[in-house]
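Colleague: Quick one: this structure, given as structure tokens, is what I'll be asking you about.
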Amino acid sequence: MMTGMINNIFFIIFPIVVYQLLTTTGQRNFFVSHRLSLTILFSISIILCMMFPYQVVSEDYIFDLRQVPMILGALYGGPLVSAVLFLVAAITRIIIGGDGMYIAVLNQLIIAAGVPFLRPMYMRINRLMKVVLVFIISIVSLLFNMLAGHFFFGDPIHDIIEIWLVLMLNQGAITALTALLIEHIQRQEYMFNSLLKHEKMETVSHFAAAVSHELRNPLQSIKGFVQLMKEYDYSRDKQIEFHEMVLKEIESAEDLIDDYLVYAKPTYGQLEASSVSCEVQHVLKIMVPYANGKGVEMHITEMDGNAEILMDRHKFQQAIVNIIRNGIEAMSNGGMLAIAIKSTPSKVSVHITDEGIGMTKEEVRRLGEPYFSSKIKGTGLGMMVTYSIVSQMNGQIFVDSEKGKGTEFRLEFPNLTNSIKNKPASSSEDAGLFIGKLMDKRKNRLFF
């Protein structure tokens with residue numbers, strides 16, 4: 001008996017486990033998102049339960065738990081699912097044959113026709129009431145079988161009541177536990193979706209706070225200059241000076257908005273094959289005056305001049321500038337910032353190492369999050385943009401840092417140069433066409 005019951009319980013849990021394995025987290029709504037697949041799985045569960053029944057108390061009574069998936073399928077799936085499960089159960093029972101076949105089919109028909117009417121109420125009540133309801137439905141269905149057996153076969157109720165009580169408690173408990181399992185899974189899905197929604201809303205609020213905080217400074221400056229020019233009669237030279245300051249503040253605000261849009265709405269289709277060393281050297285020329293002003297020396301420790309990747313040159317330069325600027329600002333007392341470009345047959349890596357204050361593991365983990373910065377006056381927007389740009393180029397950022405000892409950023413990208421070198425020559429496809437195809441593949445990966 002125990003072996004057979006355990007087998008039937010496994011057959012009932014089987015579709016739920018398979019459903020959990022095959023569906024995506026956040027989309028596990030029973031019989032809503034995957035009605036067909038769950039109907040098939042529950043049908044298999046019914047057939048297996050009927051093919052491997054078990055004896056209860058007496059050898060004269062063979063029992064199975066087919067009604068459990070039928071009841072739960074009708075409650076969670078509705079009339080259509082219930083009708084399909086009834087057809088599967090009825091056809092299987094007719095094929096098996098034997099005494100009680102007509103009673104069993106009639107009982108299954110009543111479940112399939114009646115239980116879906118309870119579905120609207122079932123979906124509204126709490127978990128405890130759902131457990132009570134499925135337990136009652138299970139008991140009532142077996143009461144029907146017991147009474148039908150009494151009227152059609154003349155079985156004395158006082159002789160079979162103990163057996164049927166065991167069956168009722170057995171099936172009722174398993175039905176209730178299975179319903180609890182489904183409710184628990186759905187509750188986890190609800191909590192997961194709520195958490196995702198909360199995180200999205202939190203990201204939006206962080207963006208709003210970061211952008212409004214940064215925009216307020218140039219706007220306040222613009223407002224001040226406009227008020228001064230309105231209240232006082234300045235000379236033409238002074239007005240031109242104020243105009244230039246206002247334009248500078250407007251450009252600062254535009255740059256901030258561009259940074260925000262890079263993260264919030266990344267653009268695709270602008271990637272081209274470019275030399276990593278050329279772009280990095282260009283950035284270093286730009287950053288030398290700023291580094292000298294902070295007492296920081298920048299050195300190139302290794303430079304692979306042949307390394308090429310698919311990039312948006314302007315965005316790539318922006319990402320490198322953000323990291324170098326952060327490294328310089330992390331060395332308030334001066335120091336050395338080292339840059340290296342290395343390549344392997346599969347990837348190109350850019351290493352940027354500073355001797356600054358470093359970061360804790362928690363700070364490293366949160367790099368790139370909205371409104372997180374290790375700097376007192378920072379908003380974290382620069383690193384968000386950097387992570388977004390590198391991601392667009394199919395790259396990755398790795399950070400190794402220790403508090404008080406400095407930080408190393410390692411940017412890794414697919415090596416375009418070696419991909420072309422390793423490709424066999426063809427009379428109908430030259431290197432330029434191959435780059436174009438690589439770019440098309442890259443766009444597809446990004447888009448989909």
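The values are calculated or read from the model by the stated rules, or taken from the named source; none is laboratory data. Quantities reported herein were computed from a predicted structural model and do not represent experimental measurements. As a convention, Cβ positions derive from the backbone with ideal geometry for all residues, glycine included, and neighbour counts pool all protein chains shown. For accessibility, only protein heavy atoms count, side chains too; no ligands or nucleic acids. Shrake-Rupley method; radii C 1.70, N 1.55, O 1.52, S 1.80 Å.
Colleague: Calculate the FRET efficiency for Arg127 and Ser235 from the Cβ-Cβ distance with a Förster distance of 60 Å, rounded to the nearest 0.05.
Modeller: Values: r = 78 Å, r/R0 = 1.30.
That gives a FRET efficiency of 0.15.
Colleague: Could you report the accessible area of Ser274 in Å², rounded to 10, computed with a 1.4 Å probe on the protein chains as they sit in the structure?
Modeller: Ser274 has an accessible surface of roughly 10 Å² with all protein chains in place.
Colleague: Name the long-range amide H neighbours of Met311: under 5 Å, sequence gap of 5 or more, or other chain; modelled H, no Pro or chain starts.
Modeller: Residues meeting the criterion, in which the H sits 1.01 Å from N, are Glu272, Ala273, Ser274.
Colleague: Which length gain, in nm to one decimal place, applies between Glu362 and Leu22 when the Cα-Cα distance is subtracted from 0.36 nm times their residue separation? Display every interim value, and only then the final one.
Modeller: Numbers: separation 340, 0.36 × 340 = 122.40 nm, distance 3.34 nm.
Residue separation times 0.36 nm, minus the Cα-Cα distance, leaves 119.1 nm.
Colleague: Here is a further query. Over 26 Å between Cα atoms: which of Lys248/Lys285; Lys248/Lys403; Lys315/Lys347; Lys294/Lys347; Lys315/Lys342; Lys294/Lys403 fall into that group?
Modeller: Details: Lys248/Lys285 22 Å; Lys248/Lys403 37 Å; Lys315/Lys347 19 Å; Lys294/Lys347 33 Å; Lys315/Lys342 20 Å; Lys294/Lys403 21 Å.
Result: Lys248/Lys403; Lys294/Lys347 exceed 26 Å.
Colleague: Place the peptides 112-124, 225-237, 186-198 in order of packing, highest mean first, counting for every residue the other Cβ atoms within 10 Å and averaging per peptide. Walk me through the numbers on the way to the answer.
Modeller: Details: 112-124: 15.2, 225-237: 10.3, 186-198: 12.4.
Per-residue mean Cβ counts within 10 Å order the peptides as 112-124, 186-198, 225-237.
Colleague: Around Phe42, under 14 Å between beta carbons, what's the net of Lys plus Arg minus Asp minus Glu among the other residues?
Modeller: Values: positive: Arg35, Arg66; negative: none.
So the environment of Phe42 carries a net charge of +2.
Colleague: R0 = 60 Å: FRET efficiency of Leu165 with Lys197, Cβ-based, nearest 0.05?
Modeller: Details: r = 47 Å, r/R0 = 0.79.
The pair Leu165/Lys197 has a calculated efficiency of 0.80.
Colleague: In addition: Can you give me the accessible area per residue for segment 31-146, using a 1.4 Å probe, in Å²? Don't jump to the answer; show the numbers that get you there.
Modeller: Working: 5530 Å² over 116 residues.
Here the per-residue accessible area is 48 Å².
Colleague: Can you pull the one-decimal nm distance between simple spin-label points at Lys248 and Ser391, each 7 Å off the Cα toward Cβ?
Modeller: Taking the simple label geometry, Lys248 and Ser391 are separated by 3.5 nm.
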